[in-house]
Amino acid sequence: MQPKPPRCLGSLVAALGTACQSHTIADGPQSNSIPVTQPGVAAAPSPAPTAATEDPTLVPNLDPLQARQLRRKLVAEIAANKDVRSESVLQALRNVPRHLFTNNALLDLSYADHPLPIGYEQTISQPTIVAIMTEALELTGKERVLEIGTGSGYQAAILSLLSRQVFSMELVEDLGQAAKLRLANLGYRNVQVRIGDGYQGWPEEAPFDRILLTAAPPSVPQILLDELTANGILVAPIGRAHGAQSLYRFRKMKSSIEQEELGGVRFVPMIPEKAGY
């Protein structure tokens, strides 16, 4: 596949003015195996909304016709690029009002295919990257998903329409609390937000069928692999802050992890709580 034009990536990319980095999708998977321990048994999940219809929680003054038209146009452009083929993922992008997660950005900016600042040197991810990472999770609607890096809550809202329950962790307390309130007010009732260190996982709710990281650790944390169910999938950018990074999909087998490289990316590092913010 020919490389696509450069894109800015990641819900934790540091300033919007940072130069975009190139993102390409690998021609084919690259696999190896890593020994792992046997997971536990998942708790009973709760019902989720569906991405098949328009979100009934939205009222016209919050999601005006212009926003819906811009959203449909954006998703049509993403579909035309053929990086994302899942109709359920594309439909979720059509349904979630990104402008309500972008700190009062103008509608035109909210529906441009690039990240936007949300405070604390953080951004809401580029829609194409949200779609690629979401598709890589291979969601069927039955999964319990752990997200590391809530940001404004946009990715969690997308996940909520495609999975049974979402558990989202955010290190920056103000961002996490604002996202929690926003998601609740918009009716995404199958999302729980917790303030905490993603490196420690969420043991009280583990194991998870899917795990998504929105910042890059140098290697996948073993705690998160341990919190993944058998046949579970973890999607994450992996690499050093100022070095090469790639997007990976890890699939947990009975006694090993299959590792797939999906393409080169650029994210800010995943920061442990002890490092401060």
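The values are calculated or read from the model by the stated rules, or taken from the named source; none is laboratory data. In this text the structure is predicted, and so the values were computed from the model without any measurement. Note that we place each Cβ from the backbone using ideal geometry, even for glycine, and neighbour counts take in every protein chain shown.
Taken over the range 240-277, residues that are assigned to a loop (DSSP other than H, G, I, E, B) and either of a type in the set (A, V, I, L, M) or surrounded by fewer than 19 Cβ atoms within 10 Å (Cβ to Cβ) (or both) amount to 15.
Here ALA44 passes the criteria (1) at pLDDT 90 or above; (2) within 24 Å of LEU146 (Cβ to Cβ) except the one numbered (1).
Flag not set for ILE257, criterion: among the β-branched types (Val, Ile, Thr), under 28 Å from ARG164 (Cβ atoms) and free of Cβ contacts under 8 Å to residues at least 60 places away in the same chain. Taken together, the residues in the range 68-93 that are assigned to a helix (DSSP H, G or I), over 17 Å from LEU139 (Cα atoms) and charged (D, E, K, R) amount to 5. Restricting attention to the range 83-111, report how many residues are closer than 26 Å to VAL268 by Cα and without any contact (Cβ under 8 Å) to a residue 12 or more places away in the chain. Final tally of qualifying residues: 4. Determine, yes or no, whether GLU227 is more than 18 Å from the chain's Cα centre (by Cα) and farther than 18 Å from GLY151 by Cβ. No: the conditions fail for GLU227. Report, ordered by the first and then the second residue, all pairs with beta carbons closer than 8 Å, sequence separation of six or more or different chains, a first member in the range 211-237 that is over 16 Å from PHE167 (Cβ atoms), and a second member that is in a helix (DSSP H, G or I). Pairs that qualify, where the first residue is over 16 Å from PHE167 (Cβ atoms) and the partner is in a helix (DSSP H, G or I), are ALA215/GLY198; PRO217/TYR199.
In the range 194-222, what residues are part of a helix (DSSP H, G or I) and crowded, with 16+ Cβ neighbours inside 10 Å? Don't jump to the end; show me each part of the working.
Initial filter on the range 194-222 (part of a helix (DSSP H, G or I)): 198-200, 222.
Correct list: GLY198, TYR199.
Scanning the range 158-187 for residues that are closer than 17 Å to VAL235 by Cβ and of a type in the set (Gly, Ala, Ser) yields SER160, SER163, SER168.
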